[in-house]
Every structure is written in C-alpha cells, then in structure tokens.
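See below for the structure under consideration.
The values are calculated or read from the model by the stated rules, or taken from the named source; none is laboratory data. Owing to the predicted nature of the structure, the values given are computational and were not obtained by experimental measurement. When we count neighbours, we look across all protein chains shown, and the Cβ atoms used for this are built from the backbone with ideal geometry, even at glycine. The protein model used for the area step is the full one, side chains on, heavy atoms only, and it has no ligands, DNA or RNA in it. Shrake-Rupley method; radii C 1.70, N 1.55, O 1.52, S 1.80 Å.
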Amino acid sequence: MEQVNGETLAAARKVIAVHINYPSRAAQRGRTPVQPSYFLKPSSSLSLSGSTVERPAGCELLGYEGEIALVIGKAARRVSIEDAWSHVAAVTAGNDLGVYDLRWADKGSNLKSKGGDGFTPVGPGLIPADAVDPAQLRIRTWHNGQLVQDDITEDLLFPFARLVADLSQLLTLEEGDIILTGTPAGASVAKPGDVLEVEVSAGNLTTGRLVTKVEEGTTPFADFGAGPQVDDVQREEAWGSREAAGLPAAASVLTPGLKANLESVATATLSSQLRKRGLNNVSIDGLQSTRPDRRVVGLARTLRYVPNREDLFKTHGGGFNAQKRAIDSVNEGEILVMEARGEKGTGTVGDILALRAQVRGAAAIITDGGVRDFSAVAGLEMPTYFANPHPAVLGRRHIPWDTDITIACGGATVQPGDIIVADSDGILVIPPAIAEELVEDCITQEQEESFIFEMVQQGNSVDGLYPMNAEWQARYEEWKAGTMNPAAGNPND
C-alpha cells in the first residue's frame, strides 16, 4: 500500500473541509444542515503521521476531529454524482485540528482557528478508492489510547460522491487536492503531552494509525492581531458537552419545581387560568393518546410536514431526513410535536422511530396526523398523541420538511421551547414566560375549589359560594388557616 509522504502533501493545492456530515455529530451539535457547507484550510497546515502539533501559547481548547480524507486523482469540474467517485484516487485518515480560542476572530472562515501549521495531519497509508465501497468505510479515533470515535459512512448526511460533485460545480478539484469529509460524535479537546491516533479501514484494508503528538507552544501571540479568547460556549462546543467541559448543567425554564407544580394541577385548571389571561387558542385538539393513564409535562421540539410533491420527496424524503433528524435529536424530557395539517390518510411516525424517541428519553410524541404500527407504538411506555391509526407510509401524503420552527398542530401554534402539558383531558401549550405565575394561580384556584367542594358536600348552596362572595371568602381564609368551625353553616343564612 502506498504511503502518504512529502510529495503527497506538496501536491495538495487545496484542502477543503466539510462542517457537519455524520448524523451522530449533527445530533450532538443539535443542528442538521440541509446542504453541505465547507471551509478551506491552508496546504501549509498539512503534516505527516508522527508529527508534533503545537497548541498555541495562551490557548486552552485544541480540538481534534478524526476524519476520512479523500485525495483527488484527476481533475473534476462540473461532474455528476454518478461519475464523481472515479475522480478520487485514494482515501486516508485525517485529523482536523483547531483552536476554539480563535473562532471569535474568524467570522466563519476558520482560517485562524483551523489553519495553523500542522493542524491537518494525514496518513499514514493510502487506500485505493476503487478498492472500497465509500459507504462502507470505518473511522476510529483514539485519545491517549482510549477509543473516542467509532463510526461508519453508511448513513452520511452527504455521501462522498455528492461532496465531490457539489464542489466541482463551482471550482475545479485538481489532482492531489484533499477533502476532509466531516467527523462523527466524540471529537474533543487535547492537551500538551497527549497522543492522538486516527485510522480508516474497509474490511482488511487499513490506513494504519495516523499518530499526532501535542506539545505546548511557547511563543505568545503579538498584540497587533487577534489573540485567544474563550468562553463557556466555546468550551461546550470543543469538549462536546457541558458535562465533558466540567461546566454546570444549563438552566432550563422548566425547573424541577415548576415541572412538579404543573404535574400537580388539573389540565382544566390550567385552561381556566390561560383563558383569564386572554389565551383561548392554546389547546391541541382532536387527538387521542396511546397512554391515557399518563400525564406528561415537557418542552416542545417541533417537526413540520408539507404536502407530498413527488419531485421534492426525492430530495427531502429519503436518507437522514427532517423526520429522522427530529427523532434522533430529541432530548431527555422533551416532547416532539408534529405538524401534519390534520391529514389522517397516512402515518407520521411508526414503531421504530417512536422507540428511538423513547430510548432518547422523550416524554411524548404529539402529531395531528396518523400513526403506523399502532399496536407496537401503543405498547411503548412513552405516550403518543395522534389523530388515528393508518397503515400507509408518510410519503403517501407528506414530506418531512424542517425542524425546530414555529408550527401548527391540532389548531394550536407551537414554538420550540413552549411548555406542553398533556393528559387524557387534553393538551395545552403554555408560553414559558408566564408559566411560574400561571401555575401559582392554578394552585390557589384548586385550593379554593377544594373548599367549595367540601362546602357543597356539607349541603351548602352554590349561590354566593361558587364563585365566592365576600362572606364565603372570609370563611375560606378561616378554612385555610384551620380556624373555621366545621359545623358552621352558610354565612348568608
């Protein structure tokens, strides 16, 4: 097998990198692109296996990203997807290194953050492109000997041939150019003294391990250019999560206390208090539940379907489409709400995707369309609220179009981050800004109604009691304080 050498690096006039391409990375980032996007890295950033990379002085976050690198074998200009792979000579391992401390200065270019000398090690071996199926490659990364990335190319957002064809529409890919094809979940931060290894394999073929050692830089940045700056947002992005970065969990509008209070009050009470605030169109109507015994409270994530149009379904219906992206990115305790326009003539979710949502910790799925595989979906612990069962696949009437936008479901407008309360009595959409005040008034209302119920049970008339007049209000205050004579009659008698 040929090896990456100095001539390989010298032949690369361009190094092009893809931002997000693996579903696992998209789920981790919480965003999934509809089309591929790219950035350039200088050819001077290339280095060989066994090289040392410097974490610049004053920088904290040297991120690593194991990637599959494509080496162009013959010039490609306006090539088709079908022909694109024939323009690739070989695949090898790559590491897309960068310092998050300088992202603020790049304005999207990634030049300073990812363009440093040695920031793109590649190698050591070259696997001939015509000897492999590009959809069956495996990428693995080790950090100080621990496996941290392990993924395959079967379900890429943008297959390799599409990347080559897409880039060739605008620019000529020349012999020797290198394309970095994205990184899976698990990319993180390396420190001086660490050793990084990346390997690409296809069956018995392997590049061998691309080894890069990290050392501390000693020369500080000059004061006439942008210097390192870092905040908790960059730390979370670099490490992959707040937990990995050692940061406290992000505060949620739906605190445990608020959630418990919302779970404790009746849906009817919430509806009454919402109406008092002029909110009359916040109920998702006309749906039934697979688990009418369950009550759920959670933050909304959203998915929108549009009416099927055959040409658009070809571009948006297959692969890791919006439906799958929504399911695969829903988080613990969230509720996925789907806009299906009340269309009952096809399914909008089935057993496999509903199970995936449950495994990810979703509190519920709500759709104003149909459900496929109803018995299996109904057998899940997670409730699904739906219009009706239907055996047809979603392509009969729907195209999964976009996620995390404002939608309409069951006659109500739902925005990402709205609080959803759902049970057998109905489904309500609560604006987060009023939730605390709303639930406090609900608790007060239910205390009053408990008193009224008790008084009616004792034989008192509802006249003046429901709603309470001043005399009954005084008795209610005594009841709350525990000083009311239980034998006392109607104050109006």
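The requirement of being hydrophobic (A, V, I, L, M, F, W, C), crowded, with 20+ Cβ neighbours inside 10 Å and farther than 15 Å from ALA392 by Cα is fulfilled somewhere in segment 365-373, by at least one residue.
Looking only at segment 364-392, residues that are within 15 Å of VAL414 (Cβ to Cβ) and free of Cβ contacts under 8 Å to residues at least 24 places away in the same chain come to 0 in all.
Can you tell me which residue within segment 1-32, out of those that are of a type in the set (Gly, Ala, Ser) and either out of contact with any strand residue (DSSP E or B) (no Cβ under 7 Å at 6 or more places or on another chain) or part of a helix (DSSP H, G or I) (or both), is farthest from ALA90 (Cα to Cα)? Working first, answer last.
Filtering segment 1-32 for residues of a type in the set (Gly, Ala, Ser) gives 6, 10-12, 17, 24, 26-27, 30.
Checking the rest, the ones that are also either out of contact with any strand residue (DSSP E or B) (no Cβ under 7 Å at 6 or more places or on another chain) or part of a helix (DSSP H, G or I) (or both) come to 6, 10-11, 24, 26-27, 30.
Values: GLY6: 16, ALA10: 16, ALA11: 14, SER24: 25, ALA26: 26, ALA27: 29, GLY30: 32 Å.
Step by step, filter segment 1-32, then rank; the result is GLY30.
Total residues in segment 35-82 satisfying the condition of being buried (at least 18 other Cβ atoms within 10 Å of the Cβ), more than 30 Å from SER168 (Cα to Cα) and among the aliphatic types (A, V, I, L, M): the figure is 3.
Examine segment 245-261 for a residue that is over 29 Å from the mean Cα position of the chain (by Cα) and not aliphatic (A, V, I, L, M), and state whether such a residue exists. The answer is no; no qualifying residue exists. The single condition among (1) outside any strand (DSSP E or B); (2) closer than 30 Å to THR141 by Cα that GLU263 does not meet is (2).
A quick yes/no check of all residues on (1) touching a helix residue (DSSP H, G or I) at 6+ places or on another chain (Cβ under 8 Å); (2) closer than 30 Å to ASP130 by Cβ; (3) charged (D, E, K, R); (4) not in a loop (DSSP other than H, G, I, E, B):
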{"position": "VAL198", "(1), (2), (3), (4)": "no, yes, no, yes"}
{"position": "GLU215", "(1), (2), (3), (4)": "no, no, yes, yes"}
{"position": "PRO220", "(1), (2), (3), (4)": "no, no, no, no"}
{"position": "ALA226", "(1), (2), (3), (4)": "yes, no, no, no"}
{"position": "VAL230", "(1), (2), (3), (4)": "yes, no, no, no"}
{"position": "ALA238", "(1), (2), (3), (4)": "yes, no, no, yes"}
{"position": "LEU247", "(1), (2), (3), (4)": "yes, no, no, no"}
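Tallying residues that are outside any strand (DSSP E or B), buried (at least 23 other Cβ atoms within 10 Å of the Cβ) and within 22 Å of the chain's Cα centre (by Cα) within segment 374-388 yields 1. A count restricted to segment 102-128 and to residues that are in contact (Cβ under 8 Å) with a residue 60 or more places away in the chain and in contact with an Asp or Glu (Cβ under 6 Å, 6 or more places away or on another chain) stands at 2. Might you check whether a residue that is farther than 19 Å from LYS191 by Cα and at pLDDT below 95 occurs anywhere in segment 94-104? Yes. Within segment 389-424, the set of residues being on the phi > 0 side of the Ramachandran plot and either exposed (fewer than 15 other Cβ atoms within 10 Å of the Cβ) or aliphatic (A, V, I, L, M) (or both) comprises just one member, GLY411. Taken over segment 1-27, the criterion of being buried (at least 18 other Cβ atoms within 10 Å of the Cβ), within 15 Å of the chain's Cα centre (by Cα) and not aromatic (Phe, Trp, Tyr) is satisfied by ILE20, ASN21, PRO23, ARG25, ALA26, ALA27. All of ALA266, ALA238, ALA222, ALA249 fail the test of being free of Cβ contacts under 8 Å to residues at least 12 places away in the same chain, open to solvent by less than 50 Å² (accessible area, probe 1.4 Å) and on the phi < 0 side of the Ramachandran plot, apart from ALA222.
Taking segment 307-336 as the range and being farther than 21 Å from PRO23 by Cα, out of contact with any helix residue (DSSP H, G or I) (no Cβ under 9 Å at 6 or more places or on another chain) and open to solvent by less than 60 Å² (accessible area, probe 1.4 Å) as the test, only LEU312 passes.
Taken together, the residues in segment 408-424 that are in a strand (DSSP E or B), out of contact with any Phe, Trp or Tyr (no Cβ under 8 Å at 6 or more places or on another chain) and within 20 Å of MET382 (Cβ to Cβ) amount to 6.
Say we look at segment 186-204 and pick out the residues that are open to solvent by 30 Å² or more (accessible area, probe 1.4 Å) and of a type in the set (Gly, Ala, Ser); which of these is farthest from TRP142 (Cα to Cα)? So that I can check it myself, show each step before the final result.
Taking segment 186-204 as the starting set, the residues that turn out to be open to solvent by 30 Å² or more (accessible area, probe 1.4 Å) are 191-193, 195, 197, 203-204.
If we keep only those that are of a type in the set (Gly, Ala, Ser) too, we end up with 193, 203.
Values: GLY193: 14, GLY203: 19 Å.
The selected residue is GLY203.
Please verify whether GLU7 is without any contact (Cβ under 8 Å) to a residue 40 or more places away in the chain and either out of contact with any Lys or Arg (no Cβ under 9 Å at 6 or more places or on another chain) or over 30 Å from GLY318 (Cα atoms) (or both), treating the condition exactly as stated. Criteria met by GLU7.
Residues that are more than 21 Å from ASP373 (Cα to Cα) and modelled with pLDDT of 95 or more: list the strands (runs of 3 or more DSSP E) wholly contained in segment 283-350 that include at least 1 such residues. Give the steps one after another, and end with the answer.
On the way: elements: 296-307, 335-339, 347-349.
The strands (runs of 3 or more DSSP E) meeting that bar are 296-307.
Per the conditions (1) more than 30 Å from THR406 (Cα to Cα); (2) not in a loop (DSSP other than H, G, I, E, B), the sole criterion not satisfied by SER461 is (2). Pairs linking a residue in segment 466-484 that is closer than 12 Å to GLU449 by Cα and in a loop (DSSP other than H, G, I, E, B) to a residue that is open to solvent by 70 Å² or more (accessible area, probe 1.4 Å) and among the aliphatic types (A, V, I, L, M), with Cβ atoms under 9 Å and 6 or more positions apart or on different chains, do not occur. Of all residues in segment 179-196, which are of a type in the set (S, T, N, Q) and part of a strand (DSSP E or B)? Passing the criteria: only SER188.
Is there a residue in segment 393-404 that is among the polar types (S, T, N, Q), assigned to a helix (DSSP H, G or I) and under 25 Å from ARG294 (Cβ atoms)? Give the steps one after another, and end with the answer.
Within segment 393-404, the first condition is being among the polar types (S, T, N, Q), and the residues that meet it are 403.
The next check asks that each one be assigned to a helix (DSSP H, G or I); those that pass are none.
No; the residues of segment 393-404 include none that is among the polar types (S, T, N, Q), assigned to a helix (DSSP H, G or I) and under 25 Å from ARG294 (Cβ atoms).
The set of residues in segment 358-368 that are touching a helix residue (DSSP H, G or I) at 6+ places or on another chain (Cβ under 8 Å) and either assigned to a strand (DSSP E or B) or at pLDDT 95 or above (or both) contains only ILE365.
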